[in-house]
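The values are calculated or read from the model by the stated rules, or taken from the named source; none is laboratory data. Remember, predicted model here, so these are calculated numbers, not experimental data. In this analysis, Cβ positions are derived from the backbone assuming ideal geometry, glycine residues included, and neighbour counts consider all displayed protein chains.
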Amino acid sequence: MKLIFYSFLLSVLMISCAEKSEKLVSNPDDYNKYLTSQERVTTSPYYELWNSKITTDSIELPGFAAVAGQYNLFFQSTGDIEYLKKAEKALVKAVEIANIDKEKYYRSLSRNYISQHRFKEALTYADSAAIGGENLAVNQHLLFDVHMELGNYTKADSLQKLFADPYDFDYMIRAAKWNDYIGELDQTIMFMEKAREKAEASKNRELLLWVYSNLGDYYGHAGRIRDSYEHYLKTLEIDNSNAYAKKGIAWIVYSHERNGKEALRILDSILTGHQSPDIYLLKAEIAEYIGEDNLYDNSMKHYQDLTEKPGYGDMYNAYNIEMYTQERTTSEKAVDLAKKEVSNRATPETYHLLASAHLHNGNKAEALKIIRMHVEDKTFEPMAQLAMAHIYKANDLQGKTIEYKKELEEAEYELGPVTYKQVEAL
């Protein structure tokens, strides 16, 4: 009898170990070499050369353009919002003094405003670039990007059809974005893999970084975790300080492998040289998952201290709305901020934040009205679907609640362990 019991126990242990081994895709030996130091790039000989040519009353157009490009690189390296603001200042000056090739500077300023989530201003300069501009395709691509951010999907679709070219890299990545919006993830990945082929053939460093890191995201959405992991590693092979790829690996380690301590170690390596609010938010979430209350409080304080800098403007509105919604003392503030965000860009994602804010203020009928008009069947994002499930449940619509709960059961990895508890509680 004991022999049978021990054999059974051994079988259970072997199955458990096999399942755990199958779940693991990461290996610290793969990425430890990238965690030793986070290089903080804040200057370069190229920057010093051109910056030295700029004086208070300077009209050195190439200098402003070159310096703005360097500030963008410094922002990517450090996460410091001040560099993005300095790039904006240089580009505003370039637009002011340019007599020829003005559309180029309009486009650069528009992209800067997209990064700052100042989408209406981005559209103004994208339109200016398109009026009389010679680079029709480039201008149309930019207009597509801005209209997608603003939620002007009909306009974005018409623009996409204007510049459709199955052999063009810029078209491929926008076709991927469009298919992601309409919920066609397989098509999204197909276009991105074609874009990867183009980038690899060109050996263009910036294109490779963009494609590999974004494919890392899309593969994760599709549940192809190993492919996601390998593409983040490919990103780090090119740029060993790439914070985005390190954060992607940290998410895999946390959400897929449930190893909060190791995920925190990866995030801490990023923070040695890159101070981005979203890193602290993820630290707070992982701290909550592993029950580290002090770490959670400290991480949230770092997040709030950073985002209180005026330079961030509306960049973290969505995160702040979610944060305000959770606290009774700030739930009304969440509604006000959500209304502002909808005014900035009326997308299904901003409307679901407004609906959630109303729900937490006891306005369940208003929340239901908003999601029926502006969210349902208009987005496939898990967080929006979770908001809809909560709102349907609050309005005693059990059939719709169960429908969305079933869909969300496929999104455990994307939501993460902390948020997924809400799905289980529906």
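Select from segment 327-350 the residues that are touching a helix residue (DSSP H, G or I) at 6+ places or on another chain (Cβ under 7 Å) and either among the β-branched types (V, I, T) or crowded, with 24+ Cβ neighbours inside 10 Å (or both) and list them in ascending order.
Hits for segment 327-350 are T330, A334, V335, A338, V342, T350.
Hey, among the residues in segment 358-397 that are among the acidic types (D, E) and either in contact with a helix residue (DSSP H, G or I) (Cβ under 7 Å, 6 or more places away or on another chain) or part of a helix (DSSP H, G or I) (or both), which one's surrounded by the fewest Cβ atoms within 10 Å (Cβ to Cβ)?
Of segment 358-397, the ones among the acidic types (D, E) are 366, 376-377, 381, 396.
Keeping just the survivors that are either in contact with a helix residue (DSSP H, G or I) (Cβ under 7 Å, 6 or more places away or on another chain) or part of a helix (DSSP H, G or I) (or both) gives 366, 376, 381.
On the way: E366: 16, E376: 19, E381: 20.
My answer is E366.
Could you go through segment 70-81 and let me know if any residue there is among the aliphatic types (A, V, I, L, M), over 30 Å from D165 (Cβ atoms) and either at pLDDT 90 or above or in contact with a strand residue (DSSP E or B) (Cβ under 7 Å, 6 or more places away or on another chain) (or both). Reasoning before the result, please.
Applying the first criterion (among the aliphatic types (A, V, I, L, M)) to segment 70-81 yields 73, 81.
Subset that is over 30 Å from D165 (Cβ atoms): 81.
Pick out the ones that are also either at pLDDT 90 or above or in contact with a strand residue (DSSP E or B) (Cβ under 7 Å, 6 or more places away or on another chain) (or both) and you get 81.
Checking segment 70-81: at least one residue is among the aliphatic types (A, V, I, L, M), over 30 Å from D165 (Cβ atoms) and either at pLDDT 90 or above or in contact with a strand residue (DSSP E or B) (Cβ under 7 Å, 6 or more places away or on another chain) (or both).
Report the residue count in segment 203-223 for those that are in contact with a helix residue (DSSP H, G or I) (Cβ under 6 Å, 6 or more places away or on another chain) and either in the same structural domain as P417 (by TED's automatic domain parsing) or not in a helix (DSSP H, G or I) (or both).
1
Looking for something buried (at least 20 other Cβ atoms within 10 Å of the Cβ) and farther than 16 Å from S26 by Cα - is there at least one such residue anywhere in segment 252-273?
There is at least one residue in segment 252-273 that is buried (at least 20 other Cβ atoms within 10 Å of the Cβ) and farther than 16 Å from S26 by Cα.
Within segment 316-326, identify whether any single residue is touching a Phe, Trp or Tyr at 6+ places or on another chain (Cβ under 7 Å) and not acidic (D, E), and answer yes or no.
If we filter segment 316-326 for residues that are touching a Phe, Trp or Tyr at 6+ places or on another chain (Cβ under 7 Å), which is where we start, we get none.
For segment 316-326, residues touching a Phe, Trp or Tyr at 6+ places or on another chain (Cβ under 7 Å) and not acidic (D, E): absent.
Can you find, within segment 112-129, the residue that is nearest to E82 (Cα to Cα) among those that are without any contact (Cβ under 8 Å) to a residue 24 or more places away in the chain and surrounded by fewer than 19 Cβ atoms within 10 Å (Cβ to Cβ)?
Of everything passing the filter in segment 112-129, E121 is nearest to E82 (Cα to Cα).
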